[in-house]
């Protein structure tokens, strides 16, 4: 980031490459729309490029980039609030068959295990999508992106206590939803 601030285009390109998969995955999970995620991904890097001079080198890059991306997601959410919500039954990738669970399932597993895993993955994805925005953002940043609570607090611009509370409530809500479906997260993990 320091090299990118100094005008090194290659360093900036390397930042994009380094964060491409985790940031894009975060955006897809948050927005539940691959096309929207692509737009926000590009907008995020435009904003990062314009704000390079405001980056504090004492901080880690990831929370700063995720904060920018999260804010863009919120802006988009506000603009789309009056539109219909996407179906929870839609495929992970529009126009393609299959779920996330099917894509990441091991080839060493039995077919019934693959189907069960795919179904559980779909239930988890749907349950995460139903969480309130702040809880979903905190949960995804922690459990899918691996950020620390402190980094999430910086990314969401909120207190550490708020992050812990949001993640706790998200986990409790997810556990209850999965238990109502007869899926125990402890036995299925």
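The values are calculated or read from the model by the stated rules, or taken from the named source; none is laboratory data. Since we're looking at a predicted model, the values are computed, not measured. Cβ placement follows ideal geometry from the backbone for every residue including glycine, while neighbour counts extend to all protein chains displayed.
Suppose the filter is at pLDDT below 55, in a helix (DSSP H, G or I) and either on the phi < 0 side of the Ramachandran plot or over 17 Å from the mean Cα position of the chain (by Cα) (or both); does residue 115 pass it? For residue 115, the condition - at pLDDT below 55, in a helix (DSSP H, G or I) and either on the phi < 0 side of the Ramachandran plot or over 17 Å from the mean Cα position of the chain (by Cα) (or both) - is met. Considering 123, 168, the condition of being over 15 Å from residue 67 (Cβ atoms), under 18 Å from the mean Cα position of the chain (by Cα) and exposed (fewer than 15 other Cβ atoms within 10 Å of the Cβ) is satisfied by 168 alone.
Taken together, the residues in the stretch 124-138 that are under 22 Å from residue 182 (Cβ atoms) and in a helix (DSSP H, G or I) amount to 6. Restricting 68, 104, 16 to residues that are at pLDDT 90 or above, surrounded by 10 or more Cβ atoms within 10 Å (Cβ to Cβ) and over 18 Å from residue 137 (Cβ atoms) narrows the list to 16.
From the list 27, 46, pick out the single residue that is in contact with a helix residue (DSSP H, G or I) (Cβ under 9 Å, 6 or more places away or on another chain), assigned to a helix (DSSP H, G or I) and either in contact (Cβ under 8 Å) with a residue 40 or more places away in the chain or more than 26 Å from residue 131 (Cβ to Cβ) (or both). Even if it seems obvious, please write down each step before you answer.
Details: 46 fails: in contact with a helix residue (DSSP H, G or I) (Cβ under 9 Å, 6 or more places away or on another chain).
Residue meeting the stated conditions: 27.
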